[in-house]
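Chemist: Can you keep this structure in mind? I'll have questions shortly.
The values are calculated or read from the model by the stated rules, or taken from the named source; none is laboratory data. Everything numeric in this text was worked out from a predicted model, so none of it was measured. Reconstructed Cβ throughout: ideal geometry from the backbone, glycine too, with neighbour counts over all protein chains shown.
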Amino acid sequence: MNLSLFTTPALLVVSNVFMTFAWYGHLKHKDQALWVVILVSWLIAFVEYCFAVPANRYGSEVYTPAQLKAMQEAITLIVFAGFSVMYLGERFTLNHAIGFALIAIGATFVFRAGS
């Protein structure tokens, strides 16, 4: 069995945690100057790329590009949902769940098409 089947999603999860903090973590620090949060976000995004690029490189051995993108988007939604509740203190509503589920259904079709 190819290890890329498992390392790719794991690397994408780590990548998405960093990118979610890069994009949304500053929302808890609105008192900071915009240039500061942009600089910090770029530094965090650099670390994210150190996981995302290998994830896609290794993943391309076993997944199509469309499957990689669909997987990344599904992981992004899961990571963001947890982040918004645990870090930002937001409520996760039924509308969020339905919207995310519809996106997940779309990702499922991409995987079915690739097999």
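Chemist: How many of the residues in the stretch 79-104 are among the β-branched types (Val, Ile, Thr) and either exposed (fewer than 10 other Cβ atoms within 10 Å of the Cβ) or farther than 20 Å from Pro9 by Cα (or both)?
Modeler: 3
Chemist: Can I ask one more? Give just the number: which of (1) closer than 26 Å to Val110 by Cα; (2) surrounded by 15 or more Cβ atoms within 10 Å (Cβ to Cβ); (3) in contact with a Gly (Cβ under 9 Å, 6 or more places away or on another chain) does Leu5 not satisfy?
Modeler: Leu5 satisfies all of (1) closer than 26 Å to Val110 by Cα; (2) surrounded by 15 or more Cβ atoms within 10 Å (Cβ to Cβ); (3) in contact with a Gly (Cβ under 9 Å, 6 or more places away or on another chain) except (2).
Chemist: Please determine, by comparing only the residues of the stretch 38-74 that are buried (at least 16 other Cβ atoms within 10 Å of the Cβ) and of a type in the set (Ser, Thr, Tyr), which one is nearest to the chain's Cα centre (by Cα).
Modeler: The residue in question is Ser41.
Chemist: Still on this structure, I have one more. Six or more apart or on different chains, Cβ under 8 Å: which pairs go from a residue in the stretch 76-91 that's among the small types (Gly, Ala, Ser) to one that's part of a helix (DSSP H, G or I)? Could you list them?
Modeler: Ala81/His96; Ala81/Phe100; Ser84/Tyr24
Chemist: Would you mind finding the one in Trp35, Trp23 that is part of a helix (DSSP H, G or I), over 17 Å from the mean Cα position of the chain (by Cα), among the hydrophobic types (A, V, I, L, M, F, W, C) and at pLDDT 95 or above?
Modeler: On the way: Trp23 fails: over 17 Å from the mean Cα position of the chain (by Cα).
Residue meeting the stated conditions: Trp35.
Chemist: For residues that are in contact with a Leu (Cβ under 9 Å, 6 or more places away or on another chain) and either part of a loop (DSSP other than H, G, I, E, B) or not hydrophobic (A, V, I, L, M, F, W, C) (or both), tally how many sit in the stretch 62-86.
Modeler: Residues in the stretch 62-86 being in contact with a Leu (Cβ under 9 Å, 6 or more places away or on another chain) and either part of a loop (DSSP other than H, G, I, E, B) or not hydrophobic (A, V, I, L, M, F, W, C) (or both): 4 in total.
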